[in-house]
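Enquirer: Below is a structure I'd like to ask you about.
The values are calculated or read from the model by the stated rules, or taken from the named source; none is laboratory data. Source: prediction; values computed, not measured. Here the Cβ positions follow ideal geometry from the backbone for every residue, glycine too, while neighbour counts run over all protein chains shown. The accessibility values were calculated without ligands, DNA or RNA, using every heavy atom of the protein model including side chains. Shrake-Rupley method; radii C 1.70, N 1.55, O 1.52, S 1.80 Å.
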Amino acid sequence: MSIPNHTLQVELRGGVEDRSYPIVIGRGLLADLGAFVPALDDVPVVLVTNDTVAPLYLPRVRAALGTERKVTEIILPDGEDQKDLTTASHIWQRALEDRHERRSMFMALGGGVVGDLTGFAAACFLRGARFIQLPTTLLAQVDSSVGGKTGVNHAMGKNLIGAFHQPEAVLIDLDTLESLPDREFAAGMAEVVKYGCICDPQFFDWLIEHTDALRGRDGAVVADAIARSCAIKAEVVAKDEREGGLRAILNYGHTFGHAIEQVMGYGNWLHGEAVACGMMIATRISASRGWVPDALVERLSDFLDAFGLPVAPPSEMSAQTFLDAMALDKKVDEGRIRYVLLDRLGRATLVNDVSCEEIAEAIA
Ligand SMILES: NC(=O)c1ccc[n+]([C@@H]2O[C@H](COP(=O)([O-])OP(=O)(O)OC[C@H]3O[C@@H](n4cnc5c(N)ncnc54)[C@H](O)[C@@H]3O)[C@@H](O)[C@H]2O)c1
């Protein structure tokens, strides 16, 4: 049996049932699935992945599920454009044709696209089927697979149709990172350092100290970084499962980042790249308000730059372009754009009074 490096718990005790679930982090987990997923036994499975991840990791998951079990295998084309209602409908069609029931386990093997889509398909299937996350990108491992936000895109915008539906387990097999392209790894690292900025100054310092080891993908260091990121996300989600308040701090860098993604065209900038740049803008504004030292701007910038992440916004975007794009975002609160800033390193605060001049200064 593989030995996990870390096992954490997302504590969700509100409501009628205990919906807490484990996040297991280690090597070789996919090949040993049954050992880590509660009550998998002979449960039928709807296994969703894409045509990039399938050749790499599907065989070991199939082998772990055995030959006796009913498994509906759905291999989608790669790409964000699959995260829509048409593909969700295709998953439901296949699951219904194969006579799956609510006790069937949906499994998402892939990055955030497969995870969000599969979770959403599970949430709606027979009013809520079981599901587990098998995230294979760093971004999915530290962010999208934890917390139960599932959904699809709509022609009117990203992630506009969705549901909160918690997985029964998240298995983070570190072996999957071996095939992940550097650009995707870097995009995930933006979310990792975000957790240090908003919740944990010691973790931020630790990340800066370990920049070279992280860039070199040192296994133990990467495992620790993932575990701390998941622990922070789990803690925030446990306190505010449905984003009534606190959970919004996880959007640090995202308000500006979404504006960049939208203006530059989705896919041209990876989500993590846009978030990296968005965090730089938010940190510069925090510094110019005197809430964090100027040196923090430089430390964050050096860290992101070491991974090749963008630290300056596209030259064609003015402060007004940002404001216009952000006004269309979900994070608008009664007509005012909601920003996450730092009132010190390790503590995020929500504000709605950032001026056009402050943005102009931060992107200059
Ligand atoms: N639910 C949430 O809380 C949440 C949070 C953040 C982001 N998201 C969503 O996540 C999505 C982005 O996720 P992502 O960055 O993982 O993108 P992705 O799922 O598109 O994966 C990125 C690329 O890496 C490939 N890939 C995946 N695993 C691989 C591996 N191990 N080796 C080689 N290639 C691999 C994928 O096929 C894809 O081409 C967006 O749709 C975003 O909206 C959701």
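Enquirer: What distance in nm separates the simple spin-label points at Cys124 and Asp218, each placed 7 Å from Cα in the Cβ direction?
Expert: Here the modelled spin labels are 4.6 nm apart.
Enquirer: Let me ask you something else. Show the residues, 5+ positions off or on another chain, whose built amide H is closer than 5 Å to the amide H of His154.
Expert: Hits under the 5 Å cutoff: Asn159, Leu160, Ile161.
Enquirer: By the gyration tensor of its Cα atoms, with a ≥ b ≥ c the square roots of the eigenvalues, what is the shape of the range 6-179: rounded for a/c under 1.5, prolate for a/b over b/c, or oblate? Can you show the working numbers first?
Expert: Values: a/c = 1.17, a/b = 1.11, b/c = 1.05.
Because its axes are fairly even, with a/c under 1.5, the range 6-179 counts as rounded.
Enquirer: Which of rounded, prolate or oblate describes the range 288-364 when judged by the alpha-carbon gyration tensor and an a/c cut-off of 1.5?
Expert: Working: a/c = 1.85, a/b = 1.28, b/c = 1.45.
Verdict is oblate for the range 288-364.
Enquirer: Using Cα centres only, tell me the gap between the range 267-343 and the range 4-46 in whole Å.
Expert: Using only Cα atoms, the two centres lie 35 Å from each other.
Enquirer: Also, quick follow-up: Search the structure for amide H atoms under 5 Å from the amide H of Asn50, placed 1.01 Å from N in the peptide plane, and list their residues when 5 or more places away or on another chain.
Expert: For Asn50, the qualifying residues are Leu76.
Enquirer: Using amide H atoms built in the peptide plane, which far-off residues or other-chain residues are under 5 Å from Met105 H to H?
Expert: The list, which skips near neighbours in sequence, is Val45, Val46.
Enquirer: Run the simple label-point estimate for Leu323 and Trp92 please: 7 Å along Cα→C-beta, distance reported in nm.
Expert: 4.2 nm
Enquirer: If you don't mind, there's one more thing I want to ask. Along the range 171-184, what does the Karplus equation 6.51 cos²θ - 1.76 cosθ + 1.60 (θ = phi - 60°) give for ³J(HN,Hα), rounded to whole Hz, x for Gly and Pro?
Expert: 10, 9, 8, 5, 4, 5, 5, 4, 9, 6, x, 3, 5, 6
Enquirer: Where Lys and Arg each count +1 and Asp and Glu each count -1, what net charge lies around Lys233 among other residues with Cβ under 14 Å from its Cβ?
Expert: Working: positive: Lys149, Lys194, Arg228, Lys239, Arg247; negative: Glu11, Asp143, Glu191, Asp200, Glu235, Asp240, Glu241, Glu243.
So the environment of Lys233 carries a net charge of -3.
Enquirer: Let me ask another. So which residue, out of Pro201, Pro310, Pro38, gets the largest mean-square fluctuation from a GNM of the chain using Cα contacts under 10 Å as springs?
Expert: Its mean-square fluctuation being the largest, the pick is Pro38.
Enquirer: Under a 1.4 Å probe, what is the accessible area of the range 236-362 per residue, stated in Å²? Can you show the working numbers first?
Expert: Details: 5350 Å² over 127 residues.
Averaged over the residues of the range 236-362, the accessible area is 42 Å².
Enquirer: Sticking with the crude label model, points 7 Å out along Cα→Cβ, report the distance from Asp205 to Asp353 in nm, one decimal please.
Expert: Placing both labels 7 Å along Cα→Cβ, they lie 3.2 nm apart.
Enquirer: Using a probe radius of 1.4 Å on heavy atoms only, what accessible surface per residue do you get for the range 64-198? Whole Å² is fine. Please list the in-between numbers first.
Expert: Values: 4910 Å² over 135 residues.
About 36 Å² of surface per residue is accessible.
Enquirer: Additional query: Give the calculated FRET efficiency between Ala312 and Gln9 to the nearest 0.05, with a Förster radius of 51 Å applied to their Cβ-Cβ distance.
Expert: Once the sixth-power term is evaluated, E becomes 0.80.
Enquirer: Something else about it: Fully extended, how many nm does the chain gain between Arg242 and Leu56 (0.36 nm per residue separation, minus their Cα-Cα distance)? Write out the running numbers ahead of the final one.
Expert: Details: separation 186, 0.36 × 186 = 66.96 nm, distance 3.42 nm.
That pair, Arg242 and Leu56, stretches by 63.5 nm at full extension.
Enquirer: A follow-up question, please. Most fluctuating residue of Leu328, Leu109, Leu177 in a GNM of the chain with Cα springs under 10 Å: which is it?
Expert: Most flexible of the set in this elastic network: Leu328.
Enquirer: Counting only DSSP beta bridges with both residues in the chain, tell me the antiparallel percent, nearest 5. Don't jump to the answer; show the numbers that get you there.
Expert: Numbers: 17 of 40 bridges.
So the antiparallel bridges amount to about 45 percent of the total.
Enquirer: Measure off, as a whole percent, the carbon and sulfur share of the 1.4 Å-probe accessible area of the range 126-240, all protein chains present. Don't skip to the end; give the middle numbers.
Expert: Working: 2010 of 3970 Å².
Carbon and sulfur: 51 percent of the exposed surface of the range 126-240.
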